[in-house]
1. Regarding GLN132, is this residue of a type in the set (S, T, N, Q) and farther than 24 Å from ASN79 by Cα?
2. Tell me, which residue of region 388-415 that is among the acidic types (Asp, Glu) and part of a helix (DSSP H, G or I) is surrounded by the fewest Cβ atoms within 10 Å (Cβ to Cβ)?
3. Could you check region 448-461 and list, in sequence order, the residues that are surrounded by 13 or more Cβ atoms within 10 Å (Cβ to Cβ) and either among the β-branched types (Val, Ile, Thr) or farther than 18 Å from ARG356 by Cα (or both)?
4. Taking region 323-345, which residues are of a type in the set (A, V, I, L, M, F, W, C) and surrounded by 21 or more Cβ atoms within 10 Å (Cβ to Cβ)?
5. Condition first: over 26 Å from the mean Cα position of the chain (by Cα) and either crowded, with 20+ Cβ neighbours inside 10 Å or in contact (Cβ under 8 Å) with a residue 12 or more places away in the chain (or both). Now tell me which residues in region 122-142 satisfy that.
6. So which residues in region 79-95 are touching a Phe, Trp or Tyr at 6+ places or on another chain (Cβ under 7 Å) and assigned to a helix (DSSP H, G or I)?
7. List the residue pairs whose Cβ atoms are under 8 Å apart, where the first residue sits in region 300-314 and is closer than 13 Å to TYR285 by Cβ and assigned by TED's automatic domain parsing to the domain that holds VAL271, the second is outside any helix (DSSP H, G or I) and among the basic types (Lys, Arg), and the two are 6 or more positions apart or on different chains.
8. Just name the residue that is farthest from ARG395 (Cα to Cα) out of those in region 429-454 that are touching a residue at least 24 places away in the same chain (Cβ under 8 Å) and not in a loop (DSSP other than H, G, I, E, B).
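The values are calculated or read from the model by the stated rules, or taken from the named source; none is laboratory data. Source: prediction; values computed, not measured. Heads up, the Cβs are rebuilt from the backbone with ideal geometry, glycines too, and the neighbour counts pull from every protein chain shown.
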Amino acid sequence: MKTRIILVLAALFLTANFSFAQQDQDCMINLTLMSDYVKVKKYDEAYEPWVKLRKDCPKKFSYAIYAYGEKILKHKIKNASGQEQLNFIKDLMLVWDDGMENFPSKYDLGEVLSDKGLLMYDYQKELGLSDQDVYNAFDKAYKQDIKNFTSAKGLYVYFTKVVDLHKSGNAELQDVFNKYDDVSEQLENINEKYTGSLNKLIEKEEAGQTLSKKDGKYKDFYQKSLEANDKISGSLDTYLGQLANCENLIPLYKKGFPENKTDAVWLKRAVSRMYNKECTDDPLYVELVKAYDATAPSADTKYFVATILYKQGKDGEGDDYIKQAYELETDVFKKGRLAKKIANGYKKRGSYGAARRYYREALQLNPSDGTPHLQIASMYAKSANSCGDSNFNKRAVFWYAAEEALKAGRVDPSMKSAAQQAANSYNANAPTRAEIFEAGNEGTTITIGCWIGGSVKVPKL
């Protein structure tokens, strides 16, 4: 009897092992088939082996089941309609959930939730979803994992949906402004992170080091992401439109001021918006700035106090507050942005020397930003008539301006076209070849006087 039992158990054991081995072999075959098809973008052919992988293989058999499954299903969704399309959408949602459960290190909650929100937005009509449904999907990503909610499109849709809800009478105007600030601050945080990483790579290049292939890809990613985020920031203002005008802002902040006069976050947002929308002539702006400075003195508050003093014609006092603002700021990214704002103010007042000083500070703090170079170049061009002892030497300043403008494109590839266009414009105002020939000074160096204090070489014919 014992012998028979042992033989039966042995047979069962061998059968089970064979079954498991066969399953593993089938799983590997289907994994290889799916992978090969996906790599050449034959998603329809990849679908069948992928379905078998999900049905017959362990959920943790391969991360490719989820990563490639996402690509396959996105293709299927795009090329399907009706109930079939809805089934594929539902399946993709499930793939994200299963992927997070079985390979948690490969997924970030905020990214997955924002991807779900975008899928809901793209097929809102087909899914029969309301604006509130789509908004709630992104709101979940924002509240549960803001750190990894970095999709520029996702953040944009998140904001546009609250505007749409306001227009349909389902959200207050204050909710719209709050969400604008939330999204803008998130974009700023993302930009700060990407800019810091990009600047390190640029510093490597400037030190004469050759970037590795991996670093080169990261540099390209950071530059494209920053460019996309800048476009999204501009789109937020466009979508907000006339909702953020002084006629709406002033009564809104008057109403909210009594209960928020010691709320630093509320005051900062109110002051910033009124300043950016040029509502600074209203007495409320002064009250808000004073309350903000009293509640949480900072670089920001000192800057806004300075704007009031400048408006009152107290330039000397305003300059003192500007210096305090700059000295108080310790965050490198924010300090660079503040330096640009200060420089813009000096430029507007015609204080070009001070403006250039702060533009150069901005460049030092954020070398991947090309805009200060263009601003400096424009000041050189505007000063051409005042910085030379002859007509030829005055117009030579335009060569100097063109050289400065081209620097913008070198540090920021997204500005190459604008930099070249500016340089062409300046060169068109510089001495012609005929004038160089007549002056007989090709290849010589011209010293530029006044506040510019540089030199430029006359081009050779």
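1. On the way: of a type in the set (S, T, N, Q): yes; farther than 24 Å from ASN79 by Cα: yes.
So GLN132 fits the description; yes.
2. First pass over region 388-415, keeping only residues among the acidic types (Asp, Glu): 389, 403-404, 412.
With part of a helix (DSSP H, G or I) added as a condition, the list becomes 403-404.
On the way: GLU403: 18, GLU404: 26.
Here the answer is GLU403.
3. ILE448, ILE452, VAL456, LYS457, VAL458, PRO459
4. Within region 323-345, the first condition is being of a type in the set (A, V, I, L, M, F, W, C), and the residues that meet it are 325, 328, 332-333, 338-339, 342-343.
The answer is ALA325, LEU338, ALA339, ILE342, ALA343.
5. Looking only at region 122-142, we keep the residues that are over 26 Å from the mean Cα position of the chain (by Cα), and these are 125-130.
GLU126, LEU127, listed by residue number.
6. So the first thing to find is which residues in region 79-95 are touching a Phe, Trp or Tyr at 6+ places or on another chain (Cβ under 7 Å), and the list is 80, 89, 95.
Residues satisfying the conditions are ILE89, VAL95.
7. none
8. PHE437
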